[in-house]
Amino acid sequence: MRVCVVGSGGREHALAHVLGRSCDVVVTPGNPGIPGSIPAPATEIDADLYVIGPEAPLVDGMADELRAAGRLVFGPGADGAQLEGSKAWMKELLVAAGVPTAGHGSFTELEPALRFLDDMGDLFVIKTDGLAAGKGVLVTEDRAEADDAVRAYLSGEAFGDAGRRVVIEEGLTGPELSVLAVCDGHRAVPLAPAQDFKRIGEGDVGPNTGGMGAYSPVPVAGADVVQEVMDQAVLPTLGELRRQGIDYRGVLYAGLMLTPQGLRVLEYNVRFGDPEAQVVLPRLWSDLADLLAGAAAGSLEDDPVFDDDAAVTVVCASEGYPTSPRTGDLIAGIEAANAVEGVTVFCAGVASADEGRLGAISPDQNSQGLVTAGGRVLNVTGQGPDLATARERAYAGVTHIDWPGRYVRFDIAAAAVESVSQRESA
Ligand code: AMP
Ligand code: GLY
């Protein structure tokens, strides 16, 4: 099978890497660190299956366009992608489907939004309605900061049109969890759960990012929790989508909080998580292409099977991320990191110092000539028999990666490893 992966980040590299176990893979536009990258429009690439990685092309209807041309596509149409494209729409759908979620209001005018904040507890959650690359959510206990954010969002100053409608939510607390389900329009099967680290700073401080690391499996999320997520969230959501005439074929990614009152859906994404994909997909034992092709054709068959191992990914980011990442620095150490047992480096925000080499990069990912070109630059994934080993391997890989100002969180999966070791010694 020939598969075309659309996108250019670490998630797409992980997709290509795992699909490459059984298929020919091309990635468009890809990046110079992803073997098989071809900077041609997806419509001009001949493939048996198209897998669309990022949310923006899904929201813009790329899946519809490819399907209209008779192609087999994994990824929802623009109708289903509204789940991520508009938080206000998503919240309405959740309420209609009876899915537990934070209480909320959505606003385009300042005064009613500020009045709504008066009735919130002491944790304020402000979200852009539209896409903001994971950065459009403010969670604060500071009322003045919440007011300022609402003003800056609604005026367009903070996030352009994405913020001209805001969703204000009840503040919740509890461990977070990502459960990604593969859907074929009718049926949904869960992938192994993952947890990501959204804040820039160690100890979960500072602004939200696209994600600074992730791990899988998640000790707090056993099979019972995953089943609850399927029963209370994913399946009712898929049913409501179908009721509204939406044939949803792709990933339904539930961002959840496990609150003392039970699980709550914080958000839906309509694609694989980034960097969750970089820990979930490498653990897949069954064939990824069969799974995605089955879902794309509306006929999911077997449930995916995962190895009984663990994976941890650590994001190496540019100095200044997420506000103003510095770019153009030469990257060193990808080969040395890849040589560490159990380690795979996925390339995200990289460019070739010599643009002419795009598409001509050898599969050994020669990092010579790769420069930083974005906020999240590389994902160093470690795999091992348990979380502690996977984590050690990921950080052993990270020690080889270098460029001026390289930024890494050193606490990825630390608490999970600690909780496992406490449980084992109890
Ligand atoms: P989202 O993009 O909606 O998942 O939000 C990004 C992050 O903001 C989440 O991972 C949570 O850490 C936090 N967050 C979102 N909604 C809430 C909420 N209602 N209460 C507390 N924290 C939240
Ligand atoms: N890691 C969060 C996301 O993919 O949205």
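Remark: Glu202 falls outside the filter, which requires a residue to be closer than 18 Å to Val312 by Cα and either under 16 Å from the mean Cα position of the chain (by Cα) or not acidic (Asp, Glu) (or both). Scanning the range 241-253 for residues that are assigned to a strand (DSSP E or B) and either within 16 Å of ligand 1 (Cβ to nearest atom) or open to solvent by 50 Å² or more (accessible area, probe 1.4 Å) (or both) returns Arg249, Val251, Leu252, Tyr253.
Pairs meeting the criteria (first residue in the range 247-272 and touching a residue at least 60 places away in the same chain (Cβ under 8 Å) and under 16 Å from Pro236 (Cβ atoms), second residue of a type in the set (S, T, N, Q) and open to solvent by 10 Å² or more (accessible area, probe 1.4 Å), beta carbons under 7 Å, at least 6 apart or on different chains) are Leu263/Gln232; Arg264/Thr101; Val265/Thr101.
Just one of the listed residues (Ala102, Ala97, Ala132, Ala113) is within 16 Å of ligand 2 (Cβ to nearest atom) and not acidic (Asp, Glu), namely Ala132.
Scanning the range 101-119 for residues that are among the aliphatic types (A, V, I, L, M) and within 10 Å of ligand 1 (Cβ to nearest atom) returns a single hit, Ala102.
Please pick out the residue among Leu123, Leu191, Leu138 that is open to solvent by less than 60 Å² (accessible area, probe 1.4 Å) and at pLDDT 95 or above.
Leu191
Looking only at residues in the range 254-286 that are crowded, with 19+ Cβ neighbours inside 10 Å and part of a loop (DSSP other than H, G, I, E, B), which one is nearest to ligand 1 (Cβ to nearest atom)? Taking the candidates together, the pick is Gly273.
If you go through the range 169-204 and pick out every residue that is out of contact with any strand residue (DSSP E or B) (no Cβ under 6 Å at 6 or more places or on another chain) and of a type outside the set (S, T, N, Q), you end up with 7. So in the range 194-217, with the set limited to residues that are open to solvent by 30 Å² or more (accessible area, probe 1.4 Å) and farther than 22 Å from Glu84 by Cα, which one is nearest to ligand 2 (Cβ to nearest atom)? Applying the filter and picking the extreme gives Asp204. Among the residues of the range 154-166, not a single one is aliphatic (A, V, I, L, M), modelled with pLDDT of 95 or more, crowded, with 17+ Cβ neighbours inside 10 Å and within 13 Å of ligand 1 (Cβ to nearest atom). Residue check: is Asp118 away from ligand 2 (no atom under 16 Å from the Cβ), at pLDDT 90 or above and open to solvent by less than 60 Å² (accessible area, probe 1.4 Å)? No: the conditions fail for Asp118.
No other residue among Arg67, Arg71, Arg21, Arg11 is buried (at least 24 other Cβ atoms within 10 Å of the Cβ) and either at pLDDT below 95 or basic (Lys, Arg) (or both) apart from Arg11. Looking across Arg357, Arg326, one residue alone is at pLDDT below 95 and surrounded by fewer than 19 Cβ atoms within 10 Å (Cβ to Cβ). It is Arg357. Screening Val220, Val229, Val182 for residues that are within 16 Å of ligand 1 (Cβ to nearest atom), surrounded by 20 or more Cβ atoms within 10 Å (Cβ to Cβ) and of a type in the set (A, V, I, L, M, F, W, C) leaves exactly one candidate, Val229. Of all the numbered requirements in (1) buried (at least 18 other Cβ atoms within 10 Å of the Cβ); (2) touching a His at 6+ places or on another chain (Cβ under 9 Å); (3) in a loop (DSSP other than H, G, I, E, B), Gly298 misses one, and that requirement is (1). Here the condition is being in contact (Cβ under 8 Å) with a residue 40 or more places away in the chain, surrounded by fewer than 24 Cβ atoms within 10 Å (Cβ to Cβ) and not basic (Lys, Arg); of Ile38, Ile52, it holds for Ile38 alone.
Condition check ((1) over 21 Å from Phe346 (Cβ atoms); (2) among the small types (Gly, Ala, Ser); (3) within 16 Å of ligand 2 (Cβ to nearest atom)) across all residues:
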{"residue": "Val27", "(1), (2), (3)": "no, no, no"}
{"residue": "Gly36", "(1), (2), (3)": "no, yes, no"}
{"residue": "Thr43", "(1), (2), (3)": "yes, no, no"}
{"residue": "Pro54", "(1), (2), (3)": "no, no, yes"}
{"residue": "Leu58", "(1), (2), (3)": "no, no, yes"}
{"residue": "Ala68", "(1), (2), (3)": "yes, yes, no"}
{"residue": "Gly75", "(1), (2), (3)": "no, yes, yes"}
{"residue": "Leu83", "(1), (2), (3)": "yes, no, yes"}
{"residue": "Trp89", "(1), (2), (3)": "yes, no, no"}
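Looking only at residues of the range 89-111 that are touching an Asp or Glu at 6+ places or on another chain (Cβ under 6 Å) and open to solvent by 10 Å² or more (accessible area, probe 1.4 Å), we find that the one that is farthest from Tyr153 (Cα to Cα) is Ala97.
The values are calculated or read from the model by the stated rules, or taken from the named source; none is laboratory data. Source: prediction; values computed, not measured. A quick note on method: Cβ atoms are made from the backbone with ideal geometry, for glycine too, and the neighbour counts reach across all protein chains shown. Note: areas computed on protein heavy atoms with side chains; ligands, DNA, RNA excluded. Shrake-Rupley method; radii C 1.70, N 1.55, O 1.52, S 1.80 Å.
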